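K.L.:
One structure is given below, represented as structure tokens, and several questions about it will come after.
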2 protein chains.
Amino acid sequence: MKNEIIVYTISDSIGETSQKLLAAVTAQYPDLVFNNSYRFSFVNKEEELIDILRDALKDKAVVISTLVDNHLATVANDFSRQTDLHYLDLMNPFFEIIKSKTGFTPIEEPGIVHKLDKEYFNKIAAIEFAVKYDDGKNPQGFLQSDAVILGVSRTSKTPLSMYLANKGYKVSNLPLIPEVPLPQILDKVEGQKIIGLVCKPENLSRIRSNRLDSLGLSNSSSYTNLERIYEELEYSKLVFKKHNAYVINVTDKSIEETAYLIEKHLKNLK
Amino acid sequence: MKNEIIVYTISDSIGETSQKLLAAVTAQYPDLVFNNSYRFSFVNKEEELIDILRDALKDKAVVISTLVDNHLATVANDFSRQTDLHYLDLMNPFFEIIKSKTGFTPIEEPGIVHKLDKEYFNKIAAIEFAVKYDDGKNPQGFLQSDAVILGVSRTSKTPLSMYLANKGYKVSNLPLIPEVPLPQILDKVEGQKIIGLVCKPENLSRIRSNRLDSLGLSNSSSYTNLERIYEELEYSKLVFKKHNAYVINVTDKSIEETAYLIEKHLKNLK
């Protein structure tokens, strides 16, 4: 089939970098089918590598590799030059630039990006923090947070918190409901650490309807009512103003995009 | 300084792919300092791009780009060839292979990898699911889970659940405590969906001590007592055996590595 492309990914560790690149590339081809079921992780023997490359050649596949072992990378490079296999090495061109600039060579230790160092444990702690202080469960956590995310229901507070936690930020969040008084402790949080999320009312109503559908609930509640949503959003904007929050309009933004803005804002505070 | 290297990353979207590659590369150079503060996102004008490239040249930086706009990518390529700037284009070599194999060209739409499609909303739902059903909070969620993670305290159940949720899996987890009866609903969950985590007792004791330290608590409790930990682990192994769980030893494994094993196991079930 001409509109299908088979991709082999080869790594001497998990192979996350290839997957990330592949996701970015495939998104650019909505009409092309990428068959990405050939994912080879923890490859560390020459014979194993050559078997994979032979199969890739038979399948007319594109091969992406992130091998850090110099010998294996050379084997794969030589093989693909001799056979015209479509082969992309993501790591070695970078290694070569670094060598030419500094003389340094890689330590060639697979999987070391996942090493259990201080940064790693900070990230784990941040994830546990975000779960613990999600949804206003314990406002005491606001004071230890790098960011406190506020917004009415369905403005993506929870997934945003988890995404930022995965980058090592300690994040808590609080749903804003006009009838529920704000926890007093919020007054003690610096405004610059408070992130306020707003969204176009029509989009919010649609998202809430989908949410109710997915929960098997009826759709006639005030939860999806536009007038009520306007009221909630107005209230939230007053809260943001009072607390001097950094406000982001999340309409049509992905979590990654909103998180990028928050990260940039937090970095500017330092 | 010879042991410092300046890296510029340029993207017409957020630039996550470059960051991922950069993390994998820098891990290979423990003695080299990477200055990665020059991160340029949402670059979409030629003049802006050229200004950045000129600065990079002055800084003797390495430039990594993930520009999907063909015109911009060509401008950057030409500039670097004319100036000997160290430049790595992550996307275009892949685009060229695809063109030669299929004739297809990329749609050149920046940020489309974050598009708000069904897959995206499934991921968001999975993250909310994992937060809702974390820590055995509501065992009813077990039946809707793709995986139910069991383990004694500090075997990384929560961060693992969040990591897998970020890949779209609906995951719940339950801490195992010998004195606390298991929720009956666990009997209704297929064994293959149950993931049991074990860890070397000595490591677990150390992790728990660190945990108590970070909470400012004293360290003399049974929580870090080796004998008690043996007892807990023995109990957990009995539970895993009874429920026919897929058991993973997480000692010295990162979340990414354990998650990789779980994902592989879940894919084999399909």
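K.L.:
When N is the residue count of chain A, what does its C-alpha Rg come to as a fraction of 2.2 N^0.38 Å?
P.N.:
Here the Cα radius of gyration is 1.31 times the empirical estimate.
K.L.:
State the answer as a single residue: which of B:87, B:116, B:44 lies farthest towards the positive end of the charge dipole of the range B:4-157, with beta carbon charges of +1 for Lys and Arg and -1 for Asp and Glu, about the Cα centre.
P.N.:
Among B:87, B:116, B:44, the one farthest towards the positive end of the dipole of the range B:4-157 is B:116.
K.L.:
Using alpha carbon coordinates only, what is the Rg to Rh ratio of the protein assembly as shown, with Rh defined as the Kirkwood radius?
P.N.:
Reported Rg/Rh, Kirkwood definition of Rh: 0.97.
K.L.:
List the distances, in nm to one decimal, from the label point of residue B:267 to the label points of the same position in every other copy, shortest first, placing each label point 7 Å from Cα along the Cα-to-Cβ direction.
P.N.:
Residue B:267 label point versus its equivalents elsewhere: 3.2 nm.
K.L.:
Further, regarding this structure: Applying 1/(1 + (r/R0)^6) with R0 = 56 Å to the Cβ-Cβ distance of residue A:153 and residue B:84, what FRET efficiency is obtained, to the nearest 0.05?
P.N.:
Between residue A:153 and residue B:84 the formula returns 0.55.
K.L.:
Determine, from the Cβ-Cβ distance of residue B:180 and residue A:48 and an R0 of 41 Å, the FRET efficiency 1/(1 + (r/R0)^6), rounded to the nearest 0.05.
P.N.:
Using R0 = 41 Å, I get an efficiency of 0.35.
K.L.:
Here is a further query. Is the range A:1-59 best put as rounded, prolate or oblate by its Cα gyration tensor, with a ≥ b ≥ c the root eigenvalues, rounded for a/c under 1.5, and otherwise prolate when a/b is larger than b/c, oblate when not?
P.N.:
It comes out oblate by the Cα gyration axes.
K.L.:
Oh, and also: Would you grab the residues whose amide H sits under 5 Å from the one on residue B:8? Only those 5+ places off in sequence or on another chain, please, with H modelled 1.01 Å from N.
P.N.:
Amide H neighbours of residue B:8, under 5 Å, 5+ apart: B:62, B:63, B:64.
K.L.:
Along the charge dipole of chain B, pointing to its positive end and built from +1/-1 on Cβ of Lys, Arg, Asp and Glu, which listed residue (B:136, B:126, B:5) has its Cα farthest out?
P.N.:
Looking along the dipole axis, the top candidate is B:136.
K.L.:
Turning to a different aspect of this structure: From the mean inverse distance of alpha carbon pairs (Kirkwood) and the Cα radius of gyration, derive Rg over Rh for the range B:4-114.
P.N.:
Across the range B:4-114, the Cα-based Rg/Rh ratio is 0.97.
K.L.:
GNM, chain A, Cα, under 10 Å: largest mean-square fluctuation among A:25, A:189, A:239?
P.N.:
A:25
K.L.:
Among the lysines, which have Cα under 16 Å from the Cα of residue B:188 when same-chain residues fewer than 8 positions away are ignored?
P.N.:
Hits, sequence-local ones excluded: B:241, B:242.
K.L.:
So how strong a dipole does the protein assembly as shown carry about its Cα centre when Lys and Arg Cβ are +1 and Asp and Glu Cβ are -1, to the nearest 20 debye?
P.N.:
Charge dipole, the protein assembly as shown, about its Cα centre: 1220 debye, nearest 20.
K.L.:
List, shortest first and in nm to one decimal, how far the label point of residue A:138 (7 Å from Cα along Cα→Cβ) is from its counterparts in the other copies.
P.N.:
When each copy's label point is compared with this one, the spacings are 2.0 nm.
K.L.:
Taking a ≥ b ≥ c as the square roots of the Cα gyration tensor eigenvalues, with a/c under 1.5 meaning rounded and otherwise prolate when a/b beats b/c, else oblate, which class fits the range B:198-270?
P.N.:
oblate
K.L.:
In addition: For residue A:137 and residue A:187 in one chain, what is 0.36 nm times their gap in residues minus the Cα-Cα distance, to one decimal in nm?
P.N.:
Working it through step by step, the gained length comes to 16.3 nm.
K.L.:
Another question about this same structure. Could you pull out every one of the lysines with an alpha carbon less than 18 Å from that of residue B:58, ignoring same-chain neighbours closer than 8 positions?
P.N.:
Correct list for residue B:58: A:101, B:2.
K.L.:
So which of A:60/B:270; A:157/A:253; A:237/B:132; A:157/B:132; A:253/B:115 end up more than 18 Å apart by C-alpha?
P.N.:
A:60/B:270; A:237/B:132
K.L.:
Using amide H atoms built in the peptide plane, which far-off residues or other-chain residues are under 5 Å from residue A:198 H to H?
P.N.:
Excluding prolines and chain starts, which carry no amide H, the hits are A:248, A:249, A:250.
K.L.:
Expressed in nm², what is the orientationally averaged projection area of the convex hull enclosing the Cα positions of the range A:56-202?
P.N.:
Dividing the Cα hull surface by four gives the mean projection, 14.9 nm².
K.L.:
For residue B:222, go 7 angstrom from Cα along the Cα-to-Cβ vector, then report the distances to that same point in the other copies in nm, smallest first.
P.N.:
The projected label point of residue B:222 is separated from its counterparts by 4.9 nm.
K.L.:
Continuing with the same structure: What is the Å³ per residue value for the convex hull set by the Cα atoms of the range B:118-269?
P.N.:
111 Å³
K.L.:
How charged is the neighbourhood of residue B:211? Take every other residue with its Cβ under 12 Å from the Cβ of residue B:211, and add Lys/Arg as +1 and Asp/Glu as -1.
P.N.:
Spelling it out: positives minus negatives among the neighbours equals +1.
K.L.:
For the rotation that brings chain B onto chain A, whose beta-carbon in chain B is nearest the axis, and what is that distance in whole angstrom?
P.N.:
Here the nearest residue and distance are B:20, 2.
K.L.:
Could you give the size of the charge dipole of chain A about its Cα centre, using +1 on the Cβ of each K and R and -1 on the Cβ of each D and E, expressed in debye and rounded to the nearest 20?
P.N.:
1060 debye
K.L.:
Still on this structure, I have one more. Treat each spin label as a single point 7 Å out from the Cα along the C-beta direction, and report the residue A:144 to residue A:252 distance in nm.
P.N.:
Distance between label points: 4.0 nm.
K.L.:
Still on this structure, please answer the following. Set Lys and Arg Cβ to +1 and Asp and Glu Cβ to -1, take the dipole of chain A about its Cα centre, and tell me which of A:163, A:64, A:248 lies farthest positive.
P.N.:
A:248
K.L.:
Calculate the mean, over all residues of peptide A:23-36, of how many other protein chain Cβ atoms lie within 10 angstrom of the residue's Cβ.
P.N.:
6
K.L.:
Modelled label-to-label distance, residue A:167 and residue A:244, 7 Å Cα→beta-carbon offset: nm?
P.N.:
Roughly 2.4 nm, to one decimal.
K.L.:
Please get the size of the charge dipole for the range B:4-114, origin at its Cα centre, with Cβ charges of +1 on Lys and Arg and -1 on Asp and Glu, quoted in debye to the nearest 20.
P.N.:
Computed about the Cα centre, the dipole is about 280 debye.
K.L.:
On average, how many beta carbons from a partner chain sit within 10 Å of the beta carbon of a residue in A:113-123?
P.N.:
That average works out to 3.
K.L.:
Moving on. State the Cα centre-to-centre distance between the range A:209-230 and the range B:47-87 in whole Å.
P.N.:
49 Å
Bear in mind these aren't lab numbers, they're just calculated from the coordinates by the rules spelled out. In this text, all values refer to a predicted model and were calculated from it rather than measured experimentally. Positions of Cβ are generated from backbone atoms using ideal geometry, with glycine treated the same way; all protein chains shown enter the neighbour counts.
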